[in-house]
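Quick note: the coordinates plus some simple rules give every number you see, no bench work behind them. Since the model is a prediction, treat every value here as computed from it, not as a measurement.
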Amino acid sequence: MKTPTKLDAPDGGWGICICIGMAFPLISGLGALTSFGLLFGDFLKSVGAEASAVALTTSAFFCATSFAGLFSGSLFARFSIRAIALLGAFLYFFGSLIQIIAQSTWQLLLAFSVFQGIGFGLMVPASYTKFNHYFIKKRVMWMSFAQALIGLGTMFYPVVIQMLLNRYGFRGCLLVLAAINAHPILGMLLMQPVEWHMKKVQDEVDQEMVGLNKMYIDKEKEIVMVPIKDYTQTSAAKATTDVDSALSTEQLNTLTPLKESRRVSQQISREGLATRSRRSSSLTNIGNWSGPIPVSNASMVISRVHSTLIVNEAGAKIEKQRGCWQAVVDFLDLTLLKQPVYVNIVLGISFALYSDIAFFTIQPLYLFELGFTKPETASIIAIGAAADLASRIFLAFSTAFIQMPSRYIYLAGAFFTVICRFAFLNVFSFIDMACTTAVMGFLRTWVHVPLPLVFAEYLHKKRFATGYGLFMFLQGNIMFAIGPVVGYLQDQTKDYIITFHCLNFFMALCAVSWLIEMFCLKFRRK
């Protein structure tokens, strides 16, 4: 007997190229964001722009990225993921070329925020969607590998920019960066369809049920005969009971998920279908029938056909009544917002991400206020970045031996980060500050690396792109809503401790809301 096989995701192979291709746009995008002030600071001063121009440009970048991510899932459903990813890569590269000739803040806003923001918003969901297709069992390990490459690239990105500025000047640096930003095009070319690289594996489920398959086929070929003699009301009732019993037995058989059932159903003769249906569809004709009543799959097929016609007619009427709003809901898959678990995931990750980004942005200013020098502050930040990179490598190796849901990893990172930040606010020496920053950098990986995997484990593969794009849109708007509030609080109080406690509160919201959800679901199951 031939061993059944099936096609499965490669969990490696060309998937390694997917990881490398995914790293190109993320290194360029994240590196450019963290080094924006370093690269364009002098240019903005020369054109008379204030420091607020930096905040405006970066905020507009996130806005464009959010809207592009929102529509990415619908675009993937109508065009190939690779084509949309390449479109995003070319837009990102085109924005780099415009930056070279930019002479004003608005030209820079168009190049960096609009073109590069939209391009980045198309490439990120495409990369994560392809990654989700290529990896099933080893997602955390290979995502950690990809994030290690991204962390390594973003760590050296500011150093490379400073070297280019010193050697080639501002415009020369932008020209070299444009060549670097062309690499995402190569990365998106690597996003080949997973169908090209599927591997054959043994189908264990089919092998276990080969015996049941044979028994089911034999049962399907049988025709249950119910003899009818001297039709009366009593015999008709008995016939009805026998027919119902036979159909119930056959329906139980059809519940078994076996591949051969489709072949058997297709063997029913079209010519005999009408004859069998006339004999078995109604008990009112039994009095005119002197022989046995055949009860086969024909009656069930007819009932399914009638049901399908009724459903199709009802669906056609409903389709005509749908308005513009329903079309938008279907286009953007907004029905996900009806799922409390999905909404809780989106809110928790959005709060945690904002808390993480804002904390490490304000940390250098807090260290300066404590009296640390610039070299000491740079050393502390470098130690945190090195711990982040080490944590990515550690997570890649540890998940190869220990399998754990990505959401648990994210929850652990958020929970322990809250505890570590309280310790951070109570230390003042260089050694203690460096150690706590290293621990926070180590935990930061647990908040960033499993992020797309949390959605990959919750959402179906076909809804991942739209679900992640909707998250990008909501997360961007949440960050825009919270940011001014925290900034106003800092301006009014002039106290970094209060600001850090506020940011810690947002991180705790993620951990607490997720824990409450898990306990509620566990209680409902019991």
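Scanning residues 5 or more positions from residue 199 or on other chains, those with amide H under 5 Å from its amide H are 8, with H placed 1.01 Å from N in the peptide plane. Computed from backbone phi with θ = phi - 60° and the Karplus coefficients 6.51, -1.76 and 1.60, the 3J(HN,Hα) list for the range 357-362 is 5, 5, 4, 6, 7, 7 Hz; x is used for glycine and proline. By the compact-protein rule of thumb, 2.2 N^0.38 Å, the alpha-carbon radius of gyration of the range 74-162 corresponds to a ratio of 1.31. Classify the range 344-407 as rounded, prolate or oblate, taking a ≥ b ≥ c as the square roots of the eigenvalues of its Cα gyration tensor: rounded when a/c is under 1.5, otherwise prolate if a/b is larger than b/c and oblate if not. It is oblate, given that a/c is not under 1.5 and a/b is not larger than b/c.
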